[in-house]
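The values are calculated or read from the model by the stated rules, or taken from the named source; none is laboratory data. All values reported here derive from a predicted model rather than from experimental measurement. Quick reminder, even Gly has a Cβ in these numbers, built from the backbone with ideal geometry, and neighbours come from all protein chains shown.
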Amino acid sequence: MLNNLSYYNQNNYNIQTPALSPTTGPAISKPNHKYKPPTFQADVISFKNNNFLLRTNEFEDYKQRDIKGKEEFYCGPASAANGIEWLVNNGYPQLKSPNLIEDLATHFKTDKRGTTATNMCEGLESFCKYKGITPTKVEYQGIMEDPDKYRIRTHPSINSIKNGIEKNGFVLLNIGVYNKSGSGNNNTYDKDYGHWVTAIGHFNENGKDYIVIHDPYSKQKNKNFNLELGKIDQGKLIQHDDNEKSVTDDAKGFYEAKSDIEYIGKNQACVITGVVNLEMPPKQ
């Protein structure tokens with residue numbers, strides 16, 4: 001069901017994407033890249049094909065820095081809270097919680113190492129059931145060995161991300177920030193850290209796919225950031241994960257995401273290494 005969504009005509013779009021400027025987290029290298037994301041026109045509301053869908057004005061933009069003392073590792077609960085809040089306002093009021101981010105963190109077993117993919121999936125399901133609703137679907141696509149119960153594929157699919165955004169639920173992306181070396185199509189991606197964000201829309205421009213996100217690490221409230229997706233043809237992923245095991249070190253088939261995110265340095269790259277899709281049953 002596509003209720004209360006904002007749609008935009010492919011021929012008239014121009015929504016601005018400002019730079020991201022976090023206040024906490026890993027040391028920030030001032031980026032020297034000159035990537036400039038496309039822009040959109042927010043006043044166009046017609047929808048003519050499946051290439052464009054934005055919920056930009058409907059999603060909350062919770063910030064992990066709002067939870068004092070836990071700013072470094074609460075990206076998972078903050079990103080999921082954006083989605084839960086959207087559900088609360090779109091037919092599922094029983095999911096409302098006065099301490100939503102902290103409640104989700106409890107269900108996610110979030111600790112100083114963050115939120116694992118397994119705990120994210122299990123926690124979303126347990127939170128919804130605790131509130132009296134059983135999700136229709138909790139799915140994981142990604143590089144982590146677990147969660148087997150929720151896994152549908154290793155390599156995230158752009159079409160499944162789009163479909164998840166359009167369904168009665170929400171999509172969370174796990175982005176790996178890697179130090180990138182090499183040249184041409186043969187690169188080594190050495191992981192620095194991982195990060196959860198909320199997908200709030202998608203569009204296609206000049207044959208390129210973009211996912212629009214809210215980033216809980218940004219100090220800019222209600223700002224939308226575009227990720228330009230490009231599939232990696234060849235390369236190696238070095239993970240360094242101490243709380244999760246990966247199923248492959250082959251970068252081929254994963255999506256590298258170009259963006260104007262401020263904390264991504266000149267020699268760093270974002271790779272979408274995980275996707276969690278929550279879908280709810282029809283509203284009663």
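Here is a check on your reading of the model: is ASN187 in a strand (DSSP E or B), within 26 Å of ASN222 (Cβ to Cβ) and more than 17 Å from the chain's Cα centre (by Cα)?
Numbers: in a strand (DSSP E or B): yes; within 26 Å of ASN222 (Cβ to Cβ): no; more than 17 Å from the chain's Cα centre (by Cα): yes.
Considered against the rule, which asks whether it is in a strand (DSSP E or B), within 26 Å of ASN222 (Cβ to Cβ) and more than 17 Å from the chain's Cα centre (by Cα), ASN187 comes out as no.
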For GLY182, which of the numbered conditions (1) surrounded by fewer than 19 Cβ atoms within 10 Å (Cβ to Cβ); (2) out of contact with any Pro (no Cβ under 7 Å at 6 or more places or on another chain); (3) modelled with pLDDT of 90 or more fails to hold?
(3)
The conditions are (1) over 26 Å from SER218 (Cα atoms); (2) in contact with a Phe, Trp or Tyr (Cβ under 8 Å, 6 or more places away or on another chain); (3) at pLDDT 95 or above, and PRO147 fails exactly one of them. Which is it?
(3)
If you go through ASN82, ASN90, the only one that is outside any helix (DSSP H, G or I), of a type outside the set (D, E, K, R), out of contact with any helix residue (DSSP H, G or I) (no Cβ under 8 Å at 6 or more places or on another chain) and farther than 22 Å from LYS149 by Cβ is ASN90
Of all residues in the range 94-142, which are out of contact with any strand residue (DSSP E or B) (no Cβ under 9 Å at 6 or more places or on another chain) and of a type in the set (D, E, K, R)?
LYS96, GLU102, ASP103, LYS109, ASP111, LYS112, ARG113, LYS129, LYS131
Residues of the range 233-284 being closer than 20 Å to ARG151 by Cα and among the acidic types (Asp, Glu), in sequence order, are ASP241, GLU244, ASP249, ASP250, GLU279
So in the range 80-117, with the set limited to residues that are buried (at least 17 other Cβ atoms within 10 Å of the Cβ) and among the charged types (D, E, K, R), which one is nearest to ALA199 (Cα to Cα)?
GLU85
Return the pairs, sorted by first residue and then second, in which the second residue is in a helix (DSSP H, G or I) and acidic (Asp, Glu), the first residue lies in the range 81-95 and is closer than 13 Å to LEU278 by Cβ and touching a residue at least 24 places away in the same chain (Cβ under 8 Å), the beta carbons are less than 9 Å apart, and the residues are 6+ apart or on different chains.
LEU95/GLU85
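Would you say ASP192 is of a type in the set (D, E, K, R) and either touching a Cys at 6+ places or on another chain (Cβ under 9 Å) or without any contact (Cβ under 8 Å) to a residue 40 or more places away in the chain (or both)?
Numbers: of a type in the set (D, E, K, R): yes; either touching a Cys at 6+ places or on another chain (Cβ under 9 Å) or without any contact (Cβ under 8 Å) to a residue 40 or more places away in the chain (or both): no.
Against the criterion (of a type in the set (D, E, K, R) and either touching a Cys at 6+ places or on another chain (Cβ under 9 Å) or without any contact (Cβ under 8 Å) to a residue 40 or more places away in the chain (or both)), ASP192 does not qualify.
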Can you name every residue in the range 264-279 that is under 19 Å from TYR210 (Cα atoms) and either among the small types (Gly, Ala, Ser) or not in a strand (DSSP E or B) (or both)?
ILE264, ALA269, GLY274
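Filtering the range 265-284 down to residues that are under 19 Å from the mean Cα position of the chain (by Cα) and under 13 Å from TYR189 (Cβ atoms), which residue is surrounded by the fewest Cβ atoms within 10 Å (Cβ to Cβ)?
Just the residues of the range 265-284 that are under 19 Å from the mean Cα position of the chain (by Cα), to begin with: 268-280.
If we keep only those that are under 13 Å from TYR189 (Cβ atoms) too, we end up with 268-273.
Working: GLN268: 18, ALA269: 21, CYS270: 23, VAL271: 24, ILE272: 25, THR273: 28.
Out of the qualifying residues, it is GLN268.
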Which residues, taken from the range 223-263, are buried (at least 19 other Cβ atoms within 10 Å of the Cβ), modelled with pLDDT of 90 or more and part of a loop (DSSP other than H, G, I, E, B)?
ILE232, ALA251, PHE254
List the helices (runs of 4 or more DSSP H) inside the range 97-184, counting only whole elements, that have at least 1 residues being over 26 Å from ALA257 (Cα atoms) and in contact (Cβ under 8 Å) with a residue 12 or more places away in the chain.
100-108, 117-130
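I'm trying to understand the selection: among the residues of the range 209-240, which are of a type in the set (Gly, Ala, Ser) and touching an Asp or Glu at 6+ places or on another chain (Cβ under 6 Å)?
Filtering the range 209-240 for residues of a type in the set (Gly, Ala, Ser) gives 218, 230, 235.
The answer is GLY230, and nothing else.
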Among residues belonging to the range 124-160 that are under 17 Å from the mean Cα position of the chain (by Cα) and of a type in the set (Val, Ile, Thr), point out the one that is nearest to GLY176 (Cα to Cα).
ILE143
Just a yes or no: is a residue in the range 157-168 crowded, with 24+ Cβ neighbours inside 10 Å and either of a type in the set (Phe, Trp, Tyr) or under 26 Å from ILE238 (Cα atoms) (or both)?
no
